[in-house]
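**Student:** Quick one: the structure is below, questions incoming.
The values are calculated or read from the model by the stated rules, or taken from the named source; none is laboratory data. Everything numeric here is computed off the predicted structure, so don't read it as measured data. Cβ coordinates were reconstructed from backbone atoms using ideal geometry, including for glycine residues, and neighbour counts include every protein chain displayed. Side chains included, ligands, DNA and RNA excluded: accessible areas come from the protein's heavy atoms. Shrake-Rupley method; radii C 1.70, N 1.55, O 1.52, S 1.80 Å.
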Amino acid sequence: MELLRPESTEEAASAIGSGAVALAGGTEVVPLIREGILSPDTLVQVTDVVPRGIRSGWIGGGTTLGELEVDPEIPTVLREACSLAASPQLRAMGTIAGNLLQETRCWYWRLRFPCRLHGGDRCFAREGEHREHAIFANDFCASAHPSDVAAALHVLSTTVVTDRRRFPIAELYRLPTDDDRSTTTLQPGELILELEHATPAASTYLKAMDRSRYAFALVGVAAARSDTGTLLALTGVAPIPWVVESPADLEEATPLPGNAYKLEIAEALVRRAIEAIT
């Protein structure tokens with residue numbers, strides 16, 4: 001395996017567009033290689049070409065979760081989401097851009113079952129064990145998106161800036177289909193460089209986990225209040241971060257037989273989050 005250390009964004013994007021895999025903190029890529037899900041011939045170390053740092057309303061894509069969770073300029077919802085994501089060691093290495101692009105924790109996908117995200121024609125979770133899987137948009141694929149940070153950035157009305165374009169964070173994600181099994185809209189070789197976010201009047205992130213710390217969300221709820229209203233986004237409940245306009249939208253959930261409990265948790269956390277920012 002070859003490791004490239006490009007000196008420019010253009011050089012990095014060219015290599016990644018040719019089939020190499022971007023490497024920053026390594027907290028996502030290294031486990032995927034170890035598990036045999038990724039088998040790249042070339043890794044591209046992007047640490048030196050992706051901006052890192054925090055300014056008012058701006059975050060470099062290479063900024064770590066550990067840096068974000070302690071910075072007073074960062075809105076509460078994002079600091080709390082970062083502090084509840086993984087262990088201190090992983091937060092010290094993992095970047096915010098990498099966190100947004102996490103793969104699902106679905107055990108069928110991780111064990112390389114020929115599921116729909118791997119190009120197959122079945123969602124094994126729908127007919128198998130699915131306690132931790134999606135309760136929204138789960139007809140084609142019942143995987144659950146794991147990023148706490150993504151939900152927080154949704155309610156901060158974040159704009160994603162890549163080496164090619166800028167767009168609202170909601171446009172970063174897509175539900176997989178027969179024609180396209182991807183869950184993001186990034187083009188080959190496209191790099192997330194910066195994030196621009198709003199500063200709400202009040203915000204919070206609440207998370208239900210199997211353990212009290214260092215676990216992925218069964219349900220995570222981000223909420224933010226501004227002059228224009230309240231924004232809500234959930235993680236752990238759909239194949240992509242899931243935005244709801246009001247608590248009433250939770251009635252649209254389609255839980256599977258083994259994960260209906262998630263809807264009760266979501267209802268409770270949404271209610272608590274709204275109370276916390278009111």
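**Student:** Could you please give the count of residues in segment 179-190 that are surrounded by 14 or more Cβ atoms within 10 Å (Cβ to Cβ) and either touching a strand residue (DSSP E or B) at 6+ places or on another chain (Cβ under 7 Å) or at pLDDT 95 or above (or both)?
**Tutor:** Keep residues of segment 179-190 that are surrounded by 14 or more Cβ atoms within 10 Å (Cβ to Cβ), which gives 181, 183-184, 186, 189-190.
Still in the list and also either touching a strand residue (DSSP E or B) at 6+ places or on another chain (Cβ under 7 Å) or at pLDDT 95 or above (or both): 181, 183-184, 186, 190.
Qualifying residue count, segment 179-190: 5.
**Student:** How many of the residues in segment 65-82 are β-branched (Val, Ile, Thr) and open to solvent by less than 10 Å² (accessible area, probe 1.4 Å)? Before the answer, list the steps.
**Tutor:** The first filter runs over segment 65-82 and keeps only residues β-branched (Val, Ile, Thr), leaving 70, 74, 76-77.
Of the ones still in play, those that are also open to solvent by less than 10 Å² (accessible area, probe 1.4 Å) are 74, 77.
So the count comes out to 2.
**Student:** Do any residues in segment 117-144 that are without any contact (Cβ under 8 Å) to a residue 40 or more places away in the chain and open to solvent by less than 80 Å² (accessible area, probe 1.4 Å) have Cβ atoms under 6 Å from those of residues that are assigned to a loop (DSSP other than H, G, I, E, B) and among the aromatic types (Phe, Trp, Tyr), where the two are at least six apart or on different chains, and which pairs are they?
**Tutor:** 124/113
**Student:** Take segment 1-56 and flag every residue that is free of Cβ contacts under 8 Å to residues at least 40 places away in the same chain, of a type in the set (D, E, K, R) and surrounded by fewer than 12 Cβ atoms within 10 Å (Cβ to Cβ).
**Tutor:** 34, 55 - these are the residues of segment 1-56 that are free of Cβ contacts under 8 Å to residues at least 40 places away in the same chain, of a type in the set (D, E, K, R) and surrounded by fewer than 12 Cβ atoms within 10 Å (Cβ to Cβ).
**Student:** Still on this model: Going through segment 241-278 one residue at a time, which ones are in contact (Cβ under 8 Å) with a residue 40 or more places away in the chain and of a type in the set (Ser, Thr, Tyr)?
**Tutor:** Across segment 241-278, the qualifying residues are 254, 278.
**Student:** Continuing with this model, one more query. Looking at 156, 175, can you tell me which residue is at pLDDT 95 or above, in contact with a Ser or Thr (Cβ under 9 Å, 6 or more places away or on another chain) and open to solvent by 30 Å² or more (accessible area, probe 1.4 Å)? I'd like the intermediate steps shown before the answer.
**Tutor:** On the way: 156 fails: open to solvent by 30 Å² or more (accessible area, probe 1.4 Å).
Just one listed residue meets the conditions, 175.
**Student:** Additional query: Could you tell me which numbered condition residue 112 fails, if it satisfies all but one of (1) open to solvent by 20 Å² or more (accessible area, probe 1.4 Å); (2) part of a helix (DSSP H, G or I)?
**Tutor:** All conditions pass for residue 112, except number (2).
**Student:** For segment 167-180, give me the residue count where each residue is outside any helix (DSSP H, G or I) and under 13 Å from the mean Cα position of the chain (by Cα).
**Tutor:** Residues of segment 167-180 outside any helix (DSSP H, G or I): 167-168, 173-180.
Those left that are additionally under 13 Å from the mean Cα position of the chain (by Cα): 173-174.
Total satisfying the criteria: 2.
**Student:** On to the next question. Output the qualifying pairs, or none if there are none: Cβ atoms under 9 angstrom, residues six or more apart or on different chains, first residue in segment 219-239 and more than 16 Å from residue 81 (Cβ to Cβ), second residue of a type in the set (Phe, Trp, Tyr) and open to solvent by less than 10 Å² (accessible area, probe 1.4 Å).
**Tutor:** 238/136; 239/136
**Student:** Right, next: Can you find a residue in segment 134-157 that is under 19 Å from the mean Cα position of the chain (by Cα) and more than 19 Å from residue 239 (Cα to Cα)?
**Tutor:** So the first thing to find is which residues in segment 134-157 are under 19 Å from the mean Cα position of the chain (by Cα), and the list is 134-138, 141-157.
Subsequent filtering for residues that are more than 19 Å from residue 239 (Cα to Cα) retains 156-157.
Yes, segment 134-157 has at least one match.
**Student:** In addition: Collect the residues in segment 115-166 that are touching a Pro at 6+ places or on another chain (Cβ under 9 Å) and in a helix (DSSP H, G or I), keeping them in residue-number order.
**Tutor:** Correct list: 116, 117, 124, 150, 151, 152, 153, 154, 155.
**Student:** Oh, and also: Which of the residues spanning segment 98-107 are within 12 Å of residue 37 (Cβ to Cβ), open to solvent by less than 30 Å² (accessible area, probe 1.4 Å) and either of a type outside the set (Val, Ile, Thr) or modelled with pLDDT under 95 (or both)?
**Tutor:** Across segment 98-107, the qualifying residue is only 106.
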